[in-house]
Amino acid sequence: MAKMKRACDICGRGPKVAHRISHAHNVSKRRQLPNIHRVHALVNRMPRHIHVCTRCLRSGKVQKVS
């Protein structure tokens, strides 16, 4: 099984580092991954599969192929 790409091809949005804080306020590092989807879209008037975050999909930055 292939690994999913962790960055958006449109905006470049990638993983962030944050803290996981317990009820006792113990702090440890964690990763926040963006919501990336593999979409069939038009790129330079050619249909291609690209990895896009859902924020770019919602805002209309990507023209999906129907």
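Every residue, every condition in (1) part of a strand (DSSP E or B); (2) farther than 25 Å from residue 63 by Cβ; (3) of a type in the set (Gly, Ala, Ser); (4) touching a residue at least 60 places away in the same chain (Cβ under 8 Å), yes or no:
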| site | (1), (2), (3), (4) |
| --- | --- |
| 12 | no, no, yes, no |
| 25 | no, yes, no, no |
| 31 | yes, yes, no, no |
| 37 | yes, no, no, no |
| 40 | yes, no, no, no |
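Of everything in segment 8-43 that is within 10 Å of the chain's Cα centre (by Cα) and of a type in the set (A, V, I, L, M), the residue that is surrounded by the fewest Cβ atoms within 10 Å (Cβ to Cβ) is 33.
Each value in this text was obtained by applying a stated rule to the coordinates, not by laboratory testing. Keep in mind that this is a model prediction, so the values were computed, not measured. Glycine gets a Cβ as well: all are built from the backbone with ideal geometry, and neighbour counts include every protein chain shown.
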